[in-house]
Amino acid sequence: MKITLGKSRLKKRLILGKKRGVLFLWISLSAPPLDQLTAQTRATAGEEITKQTTEPSSIATQYVSETGGLALQELLQVMQARNKELEAVRTQLGQADARLAQARLRPNPTFDIEHSDDVPFANEGERRNSSSFSQPFELGGKRARRIQVAQAFAELTRAQVAEVERQLTIRVRTLFGQAVAAAAQLEELEQIGRLNQQMTHIMETRLKAGDASRLDHRLLQVTTNQFEAQRLQAENQLSGLLLQIKTLVGFSPEDPLVLRKNLLPEDVGISQQTAVEMALKIRPDLRAAKEREAMAESGIELAKAEAFPNISASVRYTPEKNIIEGLLKPEERIVDRDKLLSFGISIPLPLFNRQQGNIAEAVSLRARAHSERMSLEQAVRRDVLLAYQRFQAARRSLEVFTENVLPESRESFQIVQLAHRLGELRLLDVINQERLFLEAQMSYVAAQRDYFIALTDLEGAIGKDIAPLGP
């Protein structure tokens, strides 16, 4: 649409707009040309303008606020303390510690007691009692290898818990950005809706006075209904996002929750190569893959150590009472009492079972863990590179909207408002420009959302906050 106004007339009208201030630029959208209004129409317009100053606050402020509510970092702290999924995963830390404590324990000794007599047979009074104590000793470094496996398992568990925390953090940050964007969109739609309501009342007054056509009135009604449908969709989307955030942070659906907006950082301040190197060092899932490989390596050493037999040292004390027949007189009985102390060592012979199968299985597990780690490293590099590219694209897109699109759209909208107020353009032209201006604002909100989500994806791909948000 091309707007042609005389140079002197346009300058005069722009000066008039500056004198009346920013409030005029918004209200003039709903005001008809002054020279075409009757007294009654002007009075109605004045009443409608007065109503705008007493409009209730936006519904979006019930969900997102500039000053109150929970900021993103506070929300993440609540999630760390109250999320049930994270709480369940953290119980594995206790299991890992218990497994490590068990691995440090040594074999238990054995105490045996034995009694034998001849009561069921000759019943001559012979008897023997014995008590023995034996202690197994692990050879081949089994205990040290077992502790290494348990320590690797404990580190693996901690890395897995950190990975769950990373995934939950990404989900909360993404939903937070979507909720803030939905609230901004809802606020814009509510503002346009209020302007359309005022325009509708003025249009009805002008229609009665013969200053407007029914076509303009119907077009205005269609536009108003479209914006109202978009507003309802945005409100439903916002409430749904808040419900998902409550579930993730551990709130019940009935608990009140207001989000506080954060200032977006301008840039992350690191290069693409630095981001890849950081991810390869600190990503929890990659750290878990490395610990899994280390545990498999320790498993091989443990299986080899199991091939060494354990020896058992024992000591036995045996008091005996034996009845001996006399050599010359068989009826004569000689009682022989003895006390014996025995020592012994038990050594299994590994002739057949030398843990061949367990060693082969451990080697296979190490090869699998190594391949999985290498594959994950490639995936991490890919994720970081893609996330970095998306972030830079989102940052440039946001700069274009901030520096070019929004100022030009706002200036065009102001010119059309002035032209309509001075009777140069029809209401249909104002509606079209209003739609363009709204689309530009909505696109800007979407660009902010995409920038925030791209930053979240980049930090999630790296595994660390690299650009703290403002308060």
Segment 330-359: number of residues that are of a type in the set (A, V, I, L, M, F, W, C), touching a residue at least 12 places away in the same chain (Cβ under 8 Å) and either more than 30 Å from A305 (Cβ to Cβ) or surrounded by 10 or more Cβ atoms within 10 Å (Cβ to Cβ) (or both) = 6
Report whether or not N196 is without any contact (Cβ under 8 Å) to a residue 12 or more places away in the chain and over 30 Å from R287 (Cβ atoms).
-> no
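Anything in segment 209-228 that is of a type outside the set (V, I, T), surrounded by 13 or more Cβ atoms within 10 Å (Cβ to Cβ) and in a helix (DSSP H, G or I)? List them, or say none. Can you show your working first?
Within segment 209-228, the subset of a type outside the set (V, I, T) is 209-221, 225-228.
From what's left, surrounded by 13 or more Cβ atoms within 10 Å (Cβ to Cβ): 209, 211-213, 216-217, 219-221, 227-228.
Residues satisfying the conditions are A209, D216, H217, L219, L220, Q221, F227, E228.
Could you count how many residues in segment 79-109 are touching a Gly at 6+ places or on another chain (Cβ under 8 Å) and of a type outside the set (A, V, I, L, M, F, W, C)? Steps first, please.
The initial filter retains those residues of segment 79-109 that are touching a Gly at 6+ places or on another chain (Cβ under 8 Å), namely 79, 81-84.
Filter once more, keeping what is of a type outside the set (A, V, I, L, M, F, W, C): 82-84.
Residues that pass the stated criteria total 3.
Table: residues versus (1) closer than 30 Å to N322 by Cβ; (2) touching a strand residue (DSSP E or B) at 6+ places or on another chain (Cβ under 8 Å).
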| position | (1), (2) |
| --- | --- |
| A98 | no, no |
| R104 | no, no |
| P120 | yes, no |
| N123 | yes, no |
| E126 | yes, yes |
| R158 | no, no |
Give the residue, chosen from R292, R316, that is surrounded by 12 or more Cβ atoms within 10 Å (Cβ to Cβ), under 26 Å from the mean Cα position of the chain (by Cα) and of a type in the set (D, E, K, R).
-> R292
Whichever residue in segment 122-145 is among the small types (G, A, S) and part of a strand (DSSP E or B) and, among such residues, is surrounded by the fewest Cβ atoms within 10 Å (Cβ to Cβ) = S131
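With over 30 Å from A305 (Cα atoms), in contact with a Ser or Thr (Cβ under 9 Å, 6 or more places away or on another chain), modelled with pLDDT of 90 or more and not small (G, A, S) as the only criterion, which of E434, E424, E439, E459 stands out?
Values: E434 fails: modelled with pLDDT of 90 or more; E424 fails: modelled with pLDDT of 90 or more; E439 fails: modelled with pLDDT of 90 or more.
Just one listed residue meets the conditions, E459.
Is it the case that V89 is crowded, with 17+ Cβ neighbours inside 10 Å and at pLDDT 90 or above? Lay out the reasoning, then the answer.
Values: crowded, with 17+ Cβ neighbours inside 10 Å: yes; at pLDDT 90 or above: yes.
It is true that V89 is crowded, with 17+ Cβ neighbours inside 10 Å and at pLDDT 90 or above.
Among the residues of segment 99-121, write down those that are among the aromatic types (F, W, Y) and modelled with pLDDT under 90. Steps first, please.
Of the residues in segment 99-121, the ones among the aromatic types (F, W, Y) are 111, 121.
The answer is F121, and nothing else.
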Only one of (1) surrounded by fewer than 20 Cβ atoms within 10 Å (Cβ to Cβ); (2) without any contact (Cβ under 8 Å) to a residue 60 or more places away in the chain; (3) in a helix (DSSP H, G or I) fails for I415. Which number is that?
-> (2)
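Results for (1) touching a His at 6+ places or on another chain (Cβ under 9 Å); (2) surrounded by 20 or more Cβ atoms within 10 Å (Cβ to Cβ); (3) among the hydrophobic types (A, V, I, L, M, F, W, C), shown as yes or no for each residue.
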position	(1), (2), (3)
E155	no, no, no
T174	no, no, no
A183	no, yes, yes
L189	no, yes, yes
N196	no, yes, no
T200	yes, no, no
Give segment 58-104 a look and list any residue that's among the β-branched types (V, I, T) and closer than 18 Å to T157 by Cβ, or say none.
-> V89, T91
Are any of the residues in segment 400-411 assigned by TED's automatic domain parsing to the domain that holds I170 and at pLDDT 90 or above?
-> yes
Restrict the check to segment 102-116 and report whether at least one residue is without any contact (Cβ under 8 Å) to a residue 60 or more places away in the chain, assigned to a helix (DSSP H, G or I) and buried (at least 18 other Cβ atoms within 10 Å of the Cβ).
-> yes
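Hey, among A71, A81, A96, which residue is touching a Lys or Arg at 6+ places or on another chain (Cβ under 6 Å) and modelled with pLDDT of 80 or more?
On the way: A81 fails: touching a Lys or Arg at 6+ places or on another chain (Cβ under 6 Å); A96 fails: touching a Lys or Arg at 6+ places or on another chain (Cβ under 6 Å).
Result of the check over A71, A81, A96: A71.
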For residues that are of a type in the set (V, I, T) and part of a helix (DSSP H, G or I), scanning just segment 229-279, find the one that is farthest from the chain's Cα centre (by Cα).
-> T274
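Name the one entry in R368, R421, R426, R396 that is over 23 Å from the mean Cα position of the chain (by Cα), in contact (Cβ under 8 Å) with a residue 12 or more places away in the chain, surrounded by fewer than 19 Cβ atoms within 10 Å (Cβ to Cβ) and more than 30 Å from A288 (Cβ to Cβ). Break it down stepwise before answering.
Values: R368 fails: more than 30 Å from A288 (Cβ to Cβ); R421 fails: surrounded by fewer than 19 Cβ atoms within 10 Å (Cβ to Cβ); R396 fails: in contact (Cβ under 8 Å) with a residue 12 or more places away in the chain.
Result: R426 is the single residue among R368, R421, R426, R396 that is over 23 Å from the mean Cα position of the chain (by Cα), in contact (Cβ under 8 Å) with a residue 12 or more places away in the chain, surrounded by fewer than 19 Cβ atoms within 10 Å (Cβ to Cβ) and more than 30 Å from A288 (Cβ to Cβ).
The values are calculated or read from the model by the stated rules, or taken from the named source; none is laboratory data. What you are looking at is a predicted structure, and each value in this text was computed from that prediction instead of being measured. Glycine also receives a Cβ, built like all others from the backbone with ideal geometry; neighbour counts cover every protein chain displayed.
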